[in-house]
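A short worksheet on the structure shown next.
The values are calculated or read from the model by the stated rules, or taken from the named source; none is laboratory data. Not measured: the values here are computed from a predicted model. Methodologically, a virtual Cβ is constructed for each residue, glycine included, from the backbone with ideal geometry; neighbour enumeration extends over all protein chains shown. Areas reflect the complete protein model, heavy atoms only, side chains present, ligands, DNA and RNA absent. Shrake-Rupley method; radii C 1.70, N 1.55, O 1.52, S 1.80 Å.
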Amino acid sequence: MSSREAILNRVKTNKPAAVALPQTLAFPPVPADACIEKFARTVEAVGGTVVEVTNLAEIGAYLKKHYESPERVLNTVHGVGFGQELSGPIEDGHVLANLEIAVVTGSVGVAENGAVWVSEENLPTRVLPFITEHLMLVVAAENIVSNMHEAYVRLDVSAPGFGAFISGPSRTADIEQSLVIGAHGPKRAHVFILK
Amino acid sequence: MSSSTYVAPTDHAKAADKFMEDEERVNWHDKALWFIRQKRDVASKQLPEWELLRETASQIKQNVLSNLDTYLEEFERHAKQNGITVHWAADAAEHNRIVLDIIKRHGIQKLVKSKSMLTEECHLNDFLGDNGIDVVDTDLGERVVQLAQEPPSHIVLPCIHKRKEEVGELFHQHLGTEKGASDPAYLTEAARQHLREKFLTSDLAITGVNFAIAETGGFVVCTNEGNADMGAHLAKVHIACMGIEKIIPKAENLGVFLRLLARSATGQPITTYSSHFHRPRPDQEMHIVLVDNGRSIQLGRKDFYNSLKCIRCGACINTCPVYRRSGGHSYHYAISGPIGAILAPNMDMKKNADLPFASTLCGSCSNVCPVKIDIHNQLYQWRQVLSDGGYVPKTKKIGMQAMATVLSNPTIYRVAGKSGRFMMNLMPGLANMKAVNPWAKQREMPEPPKESFRDWYLKNKKKS
Amino acid sequence: MKVGLFVPCYIDQFYPQVGIATLQLLEKLGVDVEYPLQQTCCGQPMANSGFSSMTGGCDANFVRNFTGYDYIVAPSGSCVLHIKDHLHDDKNPEAATHIRSHIYELCEFLTDVLEVKALDSKFPHKVGFHTSCHGQRGLHLSQMTELNAPDFSKPGYLLNMVKDLELIPLNRKDECCGFGGTFCVTEEAVSVKMGRDRVQDHLEHGAEFITGGDVSCLMHMEGILKRQKSPVKVLHIAEILNGQYE
Ligand code: SF4
C-alpha cells in the first residue's frame, strides 16, 4: 500500500464525527470614506507611507521630487511617468537584484490591516515587489475594502498563479524583539491612494 | 547542523534549572514575551468580533478534521490541475527522503529554506547535511540558531532566548561583522546582505505552509521578512512542506484565519506578506509534500485530536508563565511551550512523559488560542494517560497511592493528620523522595497551628 | 437553605482560621451551615498528578459527606473546580451530579446565591488581590484578561464592600503564582521564580497584605515572603470579609 493510501485510510478510520462548515462571516458595510481613512492610518501604523493623489501623473511628480535621480527604477503602471516603464514579462527575476524602486498596481486594499493585494497579473515577474528596495503600490480608492472577509469576496485568489497581501515594508524583530524595518524585502513601502 | 554540539535535554525541570541560572536573562525573556502577549491583547481588543472569530476558526478546523480525507483528496486533485507535484509522506523519514530525491534529481548542492516547523519536526536540516547538502535557513531568527547549532526555542521567535550581544558574537564569527557590535539594525542589515547572496545563488527553495486550500489547490505562506518569497520566486524548484492538518476548505476561510494569525502571534494586524501560491512559474517546478508523521494517530485520540487545529501562532507560548521562565529548549521537542507539550507525547510517550507535567494548568494558553484548543485540559488528560500507561516514575506512583489511601479514609486522615503533620511530611515526599525538601529550599514552610479546623469545630461548634 | 461546609484538607491542617472565618461569615449572613465531620479531600492532588484513577475513594467519601445539602461551599476555587469537573460516584450518580452542580466557591456563593449587598467588615490597609487561576479561568470568578469581554470581579466586588480597604492595582492582573499542586516541588525552581515575580508585583504597588481565594497559592507566596523576611502578610479573603480590623 502506498503512503498516500495508508494515510488516507488511517484518517478515514480515525477522524471525528462530521461537523458542518460554519457560515461565512459578514459584517455591516463601512462607509467608503471611513474605509479609506482607516486604511491610510493602518498603512502608516505598519511602517508604510501613504500619499493620496487624484491622478497617476501626481505619483510621477511625487517620485521625481523625492527620488531625484534614482538609478534603477522599474515602473509597471502606465501613466505614472517615472523611470523605465515596462509592460511585458521579465523572464528571470535575478536581473532585478539591484533594483531601487518598483512601481506596482495593487488591486485591493484592506482597511483593517493596511494590506494590498498584488498579483501576478500586474507583475512582470513574481519577485519584483520583494526584491526591490523601495516599493510603490498604487491602489484605487474604490478598491479599498473594510476587512479581509470582503477582500476574499472581491478577489479570486486562485485566478493568478501567485498573489500576495503586502502590508508595509519587510520587517523583523528577531534580535531581542527590537523592530527593524527592511529585512529581506523592501526597506520602504509607499501606498498611493488614487481618488 | 550535522556537526551540532547542542545536546538536547531530556528532563524539563532539570533543563529549566539550567536556564534559570542566569536570572537576568530569565527576567528579560519573561518581559519580552509578556510584552508580545500584551500587544496581542491590544490587537485582539480592537476587534469587537474577536471571540466570534476564534469560535468560527475553531469550527472551521473541526469541519476540516472531520472531513480530512476528502479535503486532502480534493486538495491533491486541484493542486495537480494547477501543475503542482504532490507527494505523500507517512513519516519524517519518508518526508526527508522525498525532499532529498528532488534535490538530487536536479543535481543541487545548496538551498535556502524559510520557516517550517514541520521540517524542524522531521530534522530535515540534519538529514540533508548528512547527505552533503548545504541548507541555509533564511528567517533571521532561524539563521541565528542555525549558526549557533541549536534548534529554535520558539515557533515564531526562534532565537528569543539569545541576547543581542550573543547574536553579535555569532555574526562576528560567521558573517564578519565588527567585534562587539550588537545593534539589532546593524546586525539585521548584515544578515540581509549575507542572505541576499544566498537567495540569488540558490536554485532550490523550501518553504513551510500556513494554509492549503482544498477548493483551489493552492497554499498560503506568511512571513514578515519576505524570505519565503525571495527564496521561492528566485529558485527553479520550490518545495513546500506541510502537515496534513494544514488544509482549509475554501479561500474565503482565509479571511478568518489571517485576521487571527498575526494578531495572536505578535499583535500585528496581518503579517507583512501573506503569499498565495497556486501555480509554478513557467520556468519553475513546484512540489508539495503532505506529511502525516503521527497526525492521523492523534486524530483518533478523542481527548487530543483538536490539538491538530493549531495554526502555530505561538500565543500560548508567549502567555505561558512556565515557558517564560524555563525557556524553549527545556521542552526538548521541536515545538515548545504548552502546544508542544500536548503534541509531543503523541510522538513518543516515554521520551516526552515529563512535558504535560511542566505546567501549573493555569489555563491562560487555552484563552489566547485563536482556534480555541483546550490546551490545559489536554495537559491534564495527558497526565492521566501517561500515568495509566506507566510512563511516570514508580516512586511517584507509590507516593500517590499512599496519599490516596490517607485521603480517602477519614479515620486514617485524622490519625495521620493531627495538626498538619501529615501534610508536612507529605510535601517533601511529593518530590520523588529527594533528600532535600524542595518546598523549603527557597520558601518557608507554613507553621502548624495548634489545632485543625475539625478539632476547633468539635470544641466550639458541634451542637449535638 | 442548608449548606454543607467543605474545608479542604490543607486548610483543615494548616490554616484552620480560614475555615473558621468562612463559617462565621456564612453564619453572620444567616446561613444554616454544617460541617460534615468525615470529610477529607477533593482528590485533586492525585488527579492533577495524573492519578485520577486513584481518586475513587476520595470521591465516594466526598459524596457520603455532602449528600443532602442544598449547597456545598468551600473557601477554595481550586478544590471547587475539581469537584465540579471530576466528581464521580458510580454507586450514587445522582448525588454526585447534585453536588457537582451545587458546589460553590465562597465568593461566588456570596455574590450569586446570597446576593450580598453589604458587609460589616473593616480593613484599613492596602491590599493586593491574587487571582488564582482555577477560580478565575475555571469558575469564572472574574474576567480573564485574555478575552475580549466585559470586565468583572466577584471577589473585587466583595472587597469593595469592606470599609477602608484599598485595593492596589497590579501590572499582571491574573498571572499564575506558580503553585500548581505537585508542580511546586517537581518544578521547584520555576515555581519559586513565578512566585517571587508575582509577590514582587504586589510589593511594587505598595501592598501591605496579599489576599486571595485559594490558600494553596497564598501558602506558596507566604513561604516566599517569609523567606524574604518581608513584613507583608497573607490573608485569605474570608478572613478579610469576616473581619473587623484596625
Ligand atoms: S495551540 Fe493555539 S495558541 Fe498555541 S500555537 Fe497553536 S494556534 Fe497558537
Between A:E121 and A:T24, Cβ-based FRET efficiency (R0 22 Å, step 0.05) works out to 0.30
Counting as exposed only GluC sites (Glu not before Pro) in DSSP loop states with no more than 10 other Cβ atoms inside 10 Å, the longest exposed-site-free span of chain A is A:72-195
Expected max-MSF residue from A:I166, A:I181, A:I101 in the GNM of chain A (alpha carbon, under 10 Å) is A:I181
Burial-style ranking of C:31-40, B:291-300, average other-beta-carbon count within 10 Å with highest first, yields B:291-300, C:31-40
Reported to the nearest 10 Å², B:T411 has, with a 1.4 Å probe, an accessible area equal to 80 Å²
For B:K450, counting only lysines whose alpha-carbon sits under 26 Å away and dropping same-chain residues fewer than eight positions off, the answer is B:K418, B:K441, B:K459, B:K461, B:K462, B:K463, C:K28, C:K226, C:K229, C:K233
To the nearest 0.05, the calculated FRET efficiency linking C:H205 and A:R41 through their beta-carbon distance, R0 being 45 Å, is 0.85
The size of the Cβ-based charge dipole (Lys, Arg +1; Asp, Glu -1) of chain C about the Cα centre, to the nearest 20 debye, is 440 debye
By the C-alpha gyration tensor axes a ≥ b ≥ c (rounded if a/c is under 1.5, else prolate when a/b exceeds b/c, else oblate), the shape of the stretch C:126-241 is oblate
Here the whole-number average of other chain Cβ atoms within 10 Å per Cβ of B:316-325 is 4
Once both label points are put 7 Å beyond Cα along the C-beta direction, the C:E94-B:Q81 separation in nm becomes 6.0 nm
Using the Kirkwood radius over Cα pairs of the stretch A:19-156, the Stokes-Einstein translational diffusion coefficient at 10 °C and 1.306 mPa s, in µm²/s and rounded to a whole number, is 98 µm²/s
Between chains B and C, the summed loss of accessible surface on complex formation, probed at 1.4 Å and reported to the nearest 100 square angstrom, is 6900 Å²
Note, C:S78: beta-carbon cut-off 14 Å, +1 each Lys/Arg, -1 each Asp/Glu, net -2
Taking only protein heavy atoms and a 1.4 Å probe, the highest-to-lowest accessible-area order of B:K459, B:K162 is B:K459, B:K162
Per principal axis, largest first, the Cα atoms of chain C extend in Å by 52, 42, 38
Once C:R137, C:R64, A:R188 are ranked on solvent-accessible area with the largest value leading and a 1.4 Å probe, the list reads C:R64, A:R188, C:R137
In this structure, the FRET efficiency calculated for C:R227 and A:V95 from their beta-carbon separation, with R0 = 60 Å, to the nearest 0.05, is 0.35
From highest to lowest solvent-accessible area (probe 1.4 Å; ligands, DNA and RNA excluded), B:F19, A:F162 read B:F19, A:F162
C:K173 and A:A17 label points (each 7 Å along its Cα→Cβ direction) are spaced in nm at 3.8 nm
Answer check: the stretch B:254-382, Cα atoms, Kirkwood Rh, Rg/Rh ratio of 1.02
With +1 on the Cβ of every Lys and Arg and -1 on the Cβ of every Asp and Glu, the dipole magnitude of the protein assembly as shown about its Cα centre, in debye rounded to the nearest 20, is 2160 debye
One point scatterer per Cα, no solvent, Debye formula: log10 I(q)/I(0) for the stretch C:94-149 at q = 0.15, 0.27, 0.30 Å⁻¹ comes out as -0.65, -1.16, -1.17
Of all DSSP beta bridges having both residues in chain A, the percent classed as antiparallel (nearest 5) is 25 percent
Ordering B:44-56, B:260-272 by per-residue average of other C-beta atoms within 10 angstrom, highest first, gives B:260-272, B:44-56
Measure of exposure for B:M347: accessible area at 1.4 Å probe, Å² rounded to 10, is 80 Å²
Computed about the Cα centre, the charge dipole of chain B from +1 Lys/Arg and -1 Asp/Glu charges at the Cβ has a magnitude in debye, to the nearest 20, of 2220 debye
Helix B:23-45 sits off the longest principal axis of the Cα atoms of chain B, rounded to the nearest 10 on a 0 to 90 degree scale, by 70 degrees
The base-10 log of I(q)/I(0) that the Debye equation returns for the protein assembly as shown at q = 0.08 Å⁻¹, one scatterer per C-alpha, is -0.77
With every protein chain in place, the accessible area of B:T138 for a 1.4 Å probe, in Å² rounded to the nearest 10, comes to 0 Å²
Per-residue average of other protein chain Cβ atoms inside 10 Å, peptide C:126-134 -> 1
Using the Kirkwood radius over Cα pairs of the stretch A:121-166, the Stokes-Einstein translational diffusion coefficient at 4 °C and 1.567 mPa s, in µm²/s and rounded to a whole number, is 105 µm²/s
So for the stretch B:49-148, using the alpha carbon gyration tensor with a ≥ b ≥ c as root eigenvalues (a/c under 1.5 gives rounded; past that, a/b versus b/c decides prolate or oblate), I'd call it oblate
Per residue, accessible area of the stretch C:126-241 with a 1.4 Å probe, heavy atoms of protein chains only, in Å², comes to 32 Å²
Those residues in the stretch C:10-33 that give up at least 40 Å² of accessible surface, probe 1.4 Å, once the partner protein chains are present instead of the chain by itself are C:D12, C:Q13, C:F14, C:P16, C:I20, C:L23
Scanning chain B, every Cys lacking a C-beta partner under 4.7 angstrom -> B:C122, B:C159, B:C222, B:C241, B:C310, B:C313, B:C320, B:C369
Dipole check, chain B, charges on Cβ (K,R +1; D,E -1), about Cα centroid: among B:A90, B:A262, B:T272 the Cα furthest to the positive pole belongs to B:A262
Result for chain B: accessible area per residue, probe 1.4 angstrom, in square angstrom, of 34 Å²
So, with points 7 Å from each Cα along the Cβ direction, the C:F152-B:H174 label distance in nm works out to 5.3 nm
In whole angstrom, largest first, the equivalent ellipsoid semi-axes that the Cα gyration tensor gives for the stretch C:52-165 are 30, 16, 12
Listed by chain and number, the lysines with an alpha carbon less than 26 angstrom from that of B:K110, same-chain partners under 8 positions apart left out, are B:K198, B:K236
Mean projected area, convex hull of alpha-carbon positions in the stretch A:102-195, reported to one decimal in nm², is 6.3 nm²
Among A:K12, A:K38, A:K64, the residue with the largest mean-square fluctuation in a Gaussian network model of chain A built from Cα contacts under 10 Å is A:K12
What helix-only [θ] at 222 nm does chain B give? Using -39500 (n - 2.57) per DSSP H run of at least 4, over all residues, to the nearest 500, the answer is -15000 deg cm²/dmol
Per-residue average of other protein chain Cβ atoms inside 10 Å, peptide B:234-245 -> 1
A 1.4 Å probe over the protein heavy atoms gives the protein assembly as shown a carbon and sulfur accessible-area percentage of 51 percent
Stokes-Einstein D for chain B (37 °C, 0.692 mPa s, Kirkwood Rh from Cα pairs), in µm²/s, comes to 136 µm²/s
Ranking C:T182, C:V232, C:Y157 by how far each Cα lies towards the positive end of the charge dipole of the stretch C:126-241 (+1 on Lys and Arg Cβ, -1 on Asp and Glu Cβ), the top one is C:V232
